[in-house]
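Only one structure is covered here, and it is reproduced in the block below.
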Amino acid sequence: MAFKRIPPLGQVPATGYEPAMARMRGMAFLGTARFVKHTYGEEMLRQIVADAGPAAQKTFSKRIDGLGLQPYEAFVGFLHSADRHLGSGDLSFCRTIGEMAARQDLETIFRVYAVRPEPDKIIEACTPIWGMYTDGGGYMEAIDVRPERTVLRITEFPDMDPAHCRMMEGWMTAAMDVIGVRILPGACETECMSSGGRYHEFSCQWELKQPG
């Protein structure tokens, strides 16, 4: 099972939304795979992949290119399997995966966003970041960036899996922490297309961390 180092990332535009063709870039797999391998061992990673379904098995059967496109089904299968093996099977561990991924990504491929002084500007950067991870996976935008009501919304992605939603809850929360913001209790997905919602909407309240 080989992992390819991700080259410096340039602007990778998202394509138009095509539900049947939603794909994830290889870097979405690589961060989680490395986390599992380093924390739980290579054998655990092998077990997770073996239990993740044919699409994920095919993805991991060859070298993964960080910028290459892989089936969304493979990504979802990988998340569900990791949650079953490392969590309790209720998808809550996917938040942990998201938290880990955000801290790693903002310290490496997206480190330029981690040094910006204005939190609202970083929140607004969610649109290009989402486009770098996905192809045909809808559109993310910051609807509101006020500390008392920050709202991020993903539209045109009815097939977004609940495991991915839980992962994004963790990613967003950890990303805010990295940039110097403290998320107040209650941050979560407040509307979800998998349960009949109009879109996927994530809401939180935050405050700047005090120096020292």
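The values are calculated or read from the model by the stated rules, or taken from the named source; none is laboratory data. Keep in mind that this is a model prediction, so the values were computed, not measured. Here the Cβ positions follow ideal geometry from the backbone for every residue, glycine too, while neighbour counts run over all protein chains shown.
Listed values, structure above:
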read-out	value
Checking Arg166 against (1) part of a loop (DSSP other than H, G, I, E, B); (2) in contact with a Leu (Cβ under 7 Å, 6 or more places away or on another chain), the condition it does not meet	(1)
Test: residue in the stretch 37-47 that is under 25 Å from Trp130 (Cβ atoms), in contact with a helix residue (DSSP H, G or I) (Cβ under 8 Å, 6 or more places away or on another chain) and in contact (Cβ under 8 Å) with a residue 24 or more places away in the chain	no
Pair list, Cβ under 8 Å, 6 or more apart: the stretch 121-148 residue in contact (Cβ under 8 Å) with a residue 60 or more places away in the chain, other residue of a type in the set (Lys, Arg)	Met132/Arg25; Tyr133/Arg25; Thr134/Arg23; Thr134/Arg25; Asp135/Arg23; Asp135/Arg25; Gly136/Arg23; Gly137/Arg23
Residue that is farthest from Thr173 (Cα to Cα) [pool: residues in the stretch 105-128 that are crowded, with 19+ Cβ neighbours inside 10 Å and at pLDDT 85 or above]	Cys126
Condition met for Thr59 (under 29 Å from Pro128 (Cβ atoms), touching a helix residue (DSSP H, G or I) at 6+ places or on another chain (Cβ under 9 Å), of a type in the set (S, T, N, Q) and modelled with pLDDT under 95)	no
Residue ID - nearest to Met168 (Cα to Cα), chosen from residues in the stretch 191-212 that are touching a residue at least 24 places away in the same chain (Cβ under 8 Å) and assigned to a strand (DSSP E or B)	Phe202
Matching residues in the stretch 48-71 - criterion: being touching a residue at least 60 places away in the same chain (Cβ under 8 Å) and not in a loop (DSSP other than H, G, I, E, B)	Ile64, Leu69
